[in-house]
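The values are calculated or read from the model by the stated rules, or taken from the named source; none is laboratory data. Bear in mind that the values here come from a model prediction, so they are computed numbers and not experimental data. A quick note on method: Cβ atoms are made from the backbone with ideal geometry, for glycine too, and the neighbour counts reach across all protein chains shown. We work out accessible area using only protein heavy atoms, side chains counted, and drop any ligands, DNA or RNA first. Shrake-Rupley method; radii C 1.70, N 1.55, O 1.52, S 1.80 Å.
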Amino acid sequence: MNFELTEEHFAVQEAARDFAQKELKPGVIERDSKMIYALEQIKMMGDLGFMGMMVSPEYGGGGMDTISYCLAMEEISKIDNSCSVAMSVNNSLVCWGLETFGSEDQKQKYLTKLAVGEWIGAFCLSEPEAGSDATSQQTTAIDMGDHYLLNGTKNWITNGGTSKIHLVIAQTDREKGHRGINAFIVETDWDGVGIGAKEDKLGIRSSDTHTIMYTDVKVPKENRIGEDGFGFKFAMRVLTGGRIGIASQAVGIAAGAYELAVAYSHDRAAFGKPINQHQAIAFKLADMATEIDAARMMVHRAAWMKDEKMDYTMSAAMAKVFASEVAMKHTVEAVQIHGGYGFVKEYHVERLMRDAKITQIYEGTSEIQRVVISREIIKKGNLYAPILGAAVKV
Ligand code: CAA
């Protein structure tokens with residue numbers, strides 16, 4: 001077993017940290033407060049190779065491993081989670097989904113542009129009446145012979161207003177349950193694609209979140225991803241990988257708040273000494289450091305299992321539920337350590353606390369992660385088999 005990062009890992013981590021500090025930090029409070037999308041910064045992220053990190057160089061990507069992606073996600077999430085969620089959706093849901101399951105034509109036409117950030121993608125699964133219960137899709141795609149006719153509404157779509165393509169999950173045959181669901185690539189400038197108003201949210205406020213309406217959108221047959229009826233499994237496979245990205249985001253949020261709390265508690269004095277010399281604060285820091293470290297290790301293990309082509313469903317779900325709960329708990333603690341200063345925007349921790357909440361909700365709520373974990377335990381009959389050395393290559 002080897003816990004060491006490679007030279008390449010350190011280089012990616014440093015590049016992401018540098019970018020986040022120099023380019024994201026200066027305007028982050030204003031963007032958050034006024035809900036300004038970081039157009040210029042996200043374009044720079046594409047130029048620097050952060051939007052298609054794991055895509056093979058053949059399609060213009062960075063050809064990196066999943067741990068590199070987690071390290072970059074963590075650094076960017078310490079500062080700006082509206083940017084890191086755009087990055088996560090484009091990398092893990094859209095690019096990985098297309099590279100793994102798309103046709104060669106789809107990869108040439110779409111992936112080559114998405115991998116370099118020239119285009120941004122969105123993943124359209126959630127609906128007003130179908131969030132956790134993803135098989136209850138109301139959006140329909142009717143087979144018209146040479147094309148599908150797409151109708152329906154999708155909610156809470158990250159990159160919804162700025163993306164050039166949507167991966168849309170829709171029912172093609174209700175009788176067949178999850179086997180009657182397909183995934184389609186939809187270009188957002190096609191007739192019938194409507195973008196609703198930007199959501200005014202608690203956290204990740206500058207992230208571009210919209211409702212999307214599809215009205216009689218003609219989707220060419222060649223834009224279906226995979227075999228007929230593969231759409232639900234496509235969504236599940238893509239989301240399993242996506243959960244590693246969101247878990248990394250949660251680690252970044254927690255680590256960002258922790259770093260601020262460590263610095264503040266060193267500089268701030270009360271009752272004649274720095275507050276980190278008071279056990280009430282020192283023990284909070286100890287718990288933060290311990291649990292963030294545990295969360296990070298879980299995320300890196302899930303990432304490693306993915307790269308090793310093992311079944312990482314359970315590890316990804318465990319990493320996401322744990323990391324997101326650590327993020328929520330310890331951002332609250334970071335605000336508490338900062339006292340009154342923690343409650344004002346200038347000190348950054350209140351934003352991280354607001355951002356933490358969504359990591360317990362999107363790409364599968366904490367409750368859904370527990371459904372996934374408990375089903376895996378019951379299915380495999382041995383909690384440890386899918387995790388340690390007995391992990392089966394798939
Ligand atoms: N990988 C591969 N296949 C999977 C799978 C996985 N992780 N999970 C399920 N499947 C397969 C099952 O094996 C089954 O196939 P068979 O019938 O051939 O055996 C099929 O899919 C149906 O599975 P279930 O019966 O388990 O399906 P279910 O209806 O009980 O739902 C669920 C399972 C885990 C609850 C699923 O609905 C789920 O993950 N829901 C949460 C959805 C979600 O994460 N939404 C997030 C929105 S996207 C987002 O947030 C993006 C953003 O913008 C940030």
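Here is how the numbers come out for the structure above:
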| item | result |
| --- | --- |
| Counted charge near Tyr69, where neighbours are those whose Cβ lies closer than 14 Å (Asp, Glu -1; Lys, Arg +1) | -3 |
| Residue-by-residue Karplus 3J(HN,Hα) for the range 183-188, coefficients 6.51, -1.76, 1.60, Hz, glycine and proline x | 10, 10, 9, 10, 8, 6 |
| Global geometry of the range 48-139, whether rounded, prolate or oblate, following the gyration tensor of its Cα atoms and the 1.5 cut on a/c | oblate |
| For Ile120, distant residues with modelled amide H under 5 Å away | Lys164, Ile165 |
| Share, in percent, of DSSP beta bridges within the chain that are antiparallel, nearest 5 | 85 percent |
| Accessible area of the range 247-333 belonging to carbon and sulfur atoms, whole % at 1.4 Å probe | 60 percent |
| Calculated FRET efficiency for the pair Met35/Lys176, C-beta based, R₀ 41 Å, to 0.05 | 0.50 |
| All-pairs Cα distance distribution in the chain, expressed in whole percent, bin size 10 Å | 5, 23, 33, 25, 10, 3, 1, 0 |
| Dipole of the range 303-358, positive direction: furthest Cα of Ala319, Phe343, Met305, with charges on the beta-carbon | Phe343 |
| Inter-site label distance for His278 and Thr6 at 7 Å from Cα along Cβ, in nm | 4.7 nm |
| Anisotropy class of the range 207-354 from Cα gyration tensor, a/c 1.5 cut | oblate |
| Percent accessible area from carbon and sulfur atoms, the range 32-128, protein chains only, probe 1.4 Å | 54 percent |
| Listed residue pairs exceeding 18 Å between alpha carbons, taken from Lys164/Lys218; Lys201/Lys233; Lys198/Lys345; Lys78/Lys329 | Lys201/Lys233; Lys198/Lys345 |
| Under the Karplus curve 6.51 cos²θ - 1.76 cosθ + 1.60, θ = phi - 60°, whole-Hz ³J(HN,Hα) for the range 103-116, x wherever Gly or Pro sits | 7, 4, 4, 5, 5, 5, 6, 10, 4, 4, 8, 6, 5, 9 |
| Rough spin-label spacing in nm, given labels placed 7 Å along Cα→Cβ, for Thr100 and Glu308 | 1.7 nm |
| Estimated FRET transfer efficiency when R0 is 51 angstrom, pair Val332-Asp146 (beta carbons, to 0.05) | 0.40 |
| Efficiency of FRET from Cβ geometry, Asp189 and Ser136, R₀ 35 Å, rounded to 0.05 | 0.75 |
| With Cα atoms, 0 to 90° folded angle of helix 279-307 axis to the chain main axis | 30 degrees |
| Potential extension, Glu259-Glu129 segment - 0.36 nm per residue separation minus Cα distance | 42.8 nm |
| Cα gyration tensor shape for the range 188-284, rounded if a/c is under 1.5, else prolate or oblate | prolate |
| Solvent-accessible area per residue, Å², over the range 18-80 with all protein chains present [probe radius 1.4 Å] | 39 Å² |
| Inter-label distance for Thr215 and Asp47, nm, one decimal - labels placed 7 Å from Cα along Cα-to-Cβ | 3.9 nm |
| Under the Karplus curve 6.51 cos²θ - 1.76 cosθ + 1.60, θ = phi - 60°, whole-Hz ³J(HN,Hα) for the range 33-43, x wherever Gly or Pro sits | 6, 9, 6, 8, 5, 7, 4, 5, 5, 5, 4 |
